[in-house]
Every structure is written in C-alpha cells, then in structure tokens.
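Some notes on the structure that comes next.
The values are calculated or read from the model by the stated rules, or taken from the named source; none is laboratory data. Keep in mind it's a predicted model, so treat the numbers as computed, not measured. For neighbour counting, all protein chains shown are included, and Cβ atoms are generated from backbone atoms with ideal geometry for every residue, glycine included.
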Amino acid sequence: MSLPTLTKVSSEHYNFHLIKDSLAEKDIDEIMKIQEKCFKEITSFLNVSPQFKINYYLLETPELVGKIYGDNDPCNGFANPPNEIYAVYNEKVKCIGYHEDAHIISYILNKPQSVFLREGLAMYFDKVWWNKSNDEWVRLLLKSDRYLSIKDLIQNDFFLNHTDEITYPIAGAFVKYLINRYDRELFISVYTFKGYDLLGEIEKTYATKIEQIENDFLDSILLSDSK
C-alpha cells in the first residue's frame, strides 16, 4: 500500500492532517468545531493549558492508520503522546470527539499506570458507547450477568484480557460516579497518583473500602433505571 500525500488544515488548537479529496477534507469545518468544543471542555475540567497543538491524522481506513503511524497495525483510533492522534474517518466510522483528546490532554497531568483509569476518564467525556450511555451499558451487563468487578478491572492484566465492549463503559460509568458523588478534585488526585497500588489509593482518597464504593455505584446505576 502506497502512502497518500497529506494536506494540513489548522485551527486554534489543532493541526489536522488529511488526505486530499477525502470525506474528512470535505467535513473539516464541522470537524474543527467539534474538536475545539471537546478541547475546551476537557481543558476546563482538568484545569490545564496545553502548550502544544494536537496533530490529528484523519485517515480513511484502519490499515492506513497503521501505515501512517508506522507500526502497520490496523486500528480505528489511538493517541500517541505527547500530541498526536491517528483516527479513521469515513462514511461508517468517524473516530472524532472526546476520547483520544482526553488521553492526550490528561497526560499533561499524569499517565496513570491503570488502563481502567485512563479509559474511564476518556469514556466519562464520551458519555456514550455505541449509541447507549455508559450507565445503560452497565445495567445491560448486570442483567446479562456479564458485569466485571471494579476491583478486578483496576488490574491491567484483567482489564486487557476482556473485550472493550464490557470494560470501557464500566470504567466510564464508574469514573462518572466518582466525580458526581464525591468531588472533581478528589478524582483528579487519584488520576495523578503515580504508584501501582491504585486500589489502595482509591480507598485512602475516599476513606471507603472498594466493595462499599462499588456497591454504592451499582445502587446508583439501578436507581437511575427505576426513575
């Protein structure tokens, strides 16, 4: 596969790298509006001011994402710190929005050891996963007996050994619960923890055992379903 020539279009906080005459080039004005809105919300929430522009590569296929990045590994989208995002943009798949930007921007504060925490924050901003809210997915997973415990998901080996169809929405819903139930600053203090014992850090920060936090989380999910 030969590599296409990319053109660059810039906005206030982004450099978009596009294939000439592609759908992304056609939609670039709307894409810029969406990403600048995401950037504003994420930076405001985290209280950070990135000193760089995000280089956003919008490509037509997962194979091109791998080729342009250089590892030849097909992928719909991923963040490459400190300031690159590679993503598919075509008629069926449009990998734009909050998710990868949340990774890049939040890593200014810290890149947590826990994949659960990193993906949870990105999914918190996304709010929706395959046309359902994160909370809705957790309810469906509970009803179908596919829910996985937070205590297990915090461990990277366990998290990565299960499909993101399950792990991502649980992580997003749990992070939302922590932020809404407790405090944004408390969550950020957990997110910026640089050690490996995330479980211990969560229990210390919230002064509650993880089992109780999770029970309260699940009660809130089920209660919202009954309203």
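Exactly one residue out of 138, 175 is crowded, with 20+ Cβ neighbours inside 10 Å, modelled with pLDDT of 95 or more and over 22 Å from residue 44 (Cα atoms), and it is 138. For residue 149, the criteria (1) more than 24 Å from residue 45 (Cβ to Cβ); (2) in the same structural domain as residue 61 (by TED's automatic domain parsing); (3) surrounded by fewer than 17 Cβ atoms within 10 Å (Cβ to Cβ) hold in every case but one, which is (2). The set of residues in the range 157-181 being assigned to a helix (DSSP H, G or I) and among the β-branched types (Val, Ile, Thr) consists of 166, 167, 170, 175, 179. Screening 52, 39 for residues that are under 17 Å from residue 15 (Cβ atoms) and assigned to a loop (DSSP other than H, G, I, E, B) leaves exactly one candidate, 52. Exactly one residue out of 107, 206 is aromatic (Phe, Trp, Tyr), modelled with pLDDT of 95 or more and within 20 Å of residue 96 (Cα to Cα), and it is 107.
Kindly provide the set of residues from the range 182-203 that are over 19 Å from residue 147 (Cβ atoms) and either outside the structural domain of residue 148 (by TED's automatic domain parsing) or assigned to a helix (DSSP H, G or I) (or both), ordered by number. Those that are over 19 Å from residue 147 (Cβ atoms) and either outside the structural domain of residue 148 (by TED's automatic domain parsing) or assigned to a helix (DSSP H, G or I) (or both): 184, 185, 186, 187, 188, 189, 190, 191, 198, 200, 201, 203.
Picking from residues in the range 157-172 that are more than 16 Å from the chain's Cα centre (by Cα) and over 19 Å from residue 140 (Cα atoms), the one that is surrounded by the fewest Cβ atoms within 10 Å (Cβ to Cβ) is 157. When 118, 139 are screened for being touching a residue at least 40 places away in the same chain (Cβ under 8 Å), outside any loop (DSSP other than H, G, I, E, B) and among the basic types (Lys, Arg), only 139 passes.
What about residue 100, is it assigned by TED's automatic domain parsing to the domain that holds residue 16 and either at positive phi or out of contact with any helix residue (DSSP H, G or I) (no Cβ under 7 Å at 6 or more places or on another chain) (or both)? Answer is yes for this residue.
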